[in-house]
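The values are calculated or read from the model by the stated rules, or taken from the named source; none is laboratory data. Note that the coordinates shown come from a computational prediction; the quantities given were computed from them, not determined experimentally. Because the Cβ atoms are built from the backbone with ideal geometry, glycine has one as well, and the counts that use them run over all protein chains shown. Protein only, heavy atoms only, side chains kept; ligands, DNA and RNA dropped before computing areas. Shrake-Rupley method; radii C 1.70, N 1.55, O 1.52, S 1.80 Å.
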Amino acid sequence: MILLDRLLDLAVKTSPGLRGEPGYGSPQTIRPGQDNRVLIAAVYQDLQELYPKAGVAYFRARTWALLCWQPINLALISIYGLKVLPQGLTCLAQKRLPGLVCGFNLPDMEFIQDDRARLIEHASRQIQVLTDELADQFIDVSHARLAILERLLRDTFLEIFLRVYPLFETSDVVNIRNDAAKWISGLGFDARSSKQANNKNRPERNRIIKADATALQVNRISCCMHYRRDDGELCVNCPKLIKSEERKSEARKPKVK
């Protein structure tokens, strides 16, 4: 119980929304092994009521991000903050609040102690088990395409990784990129297809994580659709914005006769 207590304490300190309790959760939580479609549909409908003009693309992207953010955070916080991994991550039960998936139950099971590379492999498998089951049920609810969910999951993971990693490790660009590549491989994301989505004539765009003058940034291959909300705008690393800027840049270039 000591390691679980430490993880629960560290999680809520890292993000106030990550407030967890020991246990397997109730049927009113989104948890593995049960039909969660009614609960998932309720999250989706909450967003429809909160942002009625945002559209289906936003409701799908945001609901999917809400379903995935907690297990990703917990895996990263546990590995980088405590140097262990809970075996019970595949039993994670998530709580639904109005417009949110926030708070969780995690059973008190053994923790895996191993080197970081092996912990990343273990965590990647656990995250895949959880998200594969959630994706099947979410597709039934929303009719989203699996390929889009996979791209969104890849970008969601990397952006959370960039927030959590520097809390516990030295923010060395090379180390960050190396660890990110291990996660990308472990989670089964196809790095080649990610590169193909970028401009092949710009090597920096082919990195999953790029460094600019002020910060590290994910080279997103999906759009979170936040700009569709009345209070939303395009993210600075939105692929839609980057493609638009590249088209403008190409248009400004003198034509060779």
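ALA144 is checked against (1) open to solvent by less than 60 Å² (accessible area, probe 1.4 Å); (2) part of a helix (DSSP H, G or I) and fails just one. What number does that condition carry?
For ALA144, the exception is condition (2).
With the condition kept exactly as written, say whether any residue in the stretch 74-95 is outside any helix (DSSP H, G or I), free of Cβ contacts under 8 Å to residues at least 24 places away in the same chain and farther than 26 Å from LEU146 by Cβ.
Within the stretch 74-95, not a single residue is outside any helix (DSSP H, G or I), free of Cβ contacts under 8 Å to residues at least 24 places away in the same chain and farther than 26 Å from LEU146 by Cβ.
How many residues, within the stretch 182-240, are at pLDDT below 80, open to solvent by less than 40 Å² (accessible area, probe 1.4 Å) and of a type in the set (Gly, Ala, Ser)?
Count: 1.
From the residues in the stretch 46-73 that are outside any helix (DSSP H, G or I) and open to solvent by 40 Å² or more (accessible area, probe 1.4 Å), which one is farthest from LEU92 (Cα to Cα)?
Only one residue fits best here, namely LYS53.
Take the residues of the stretch 241-257 that are modelled with pLDDT of 60 or more and surrounded by 13 or more Cβ atoms within 10 Å (Cβ to Cβ): which is nearest to ASN178 (Cα to Cα)?
ILE242
Within the stretch 24-34, can one find any residue that is among the polar types (S, T, N, Q) and either within 21 Å of LEU158 (Cα to Cα) or touching an Asp or Glu at 6+ places or on another chain (Cβ under 9 Å) (or both)?
Scanning the stretch 24-34, I find no residue that is among the polar types (S, T, N, Q) and either within 21 Å of LEU158 (Cα to Cα) or touching an Asp or Glu at 6+ places or on another chain (Cβ under 9 Å) (or both), so the answer is no.
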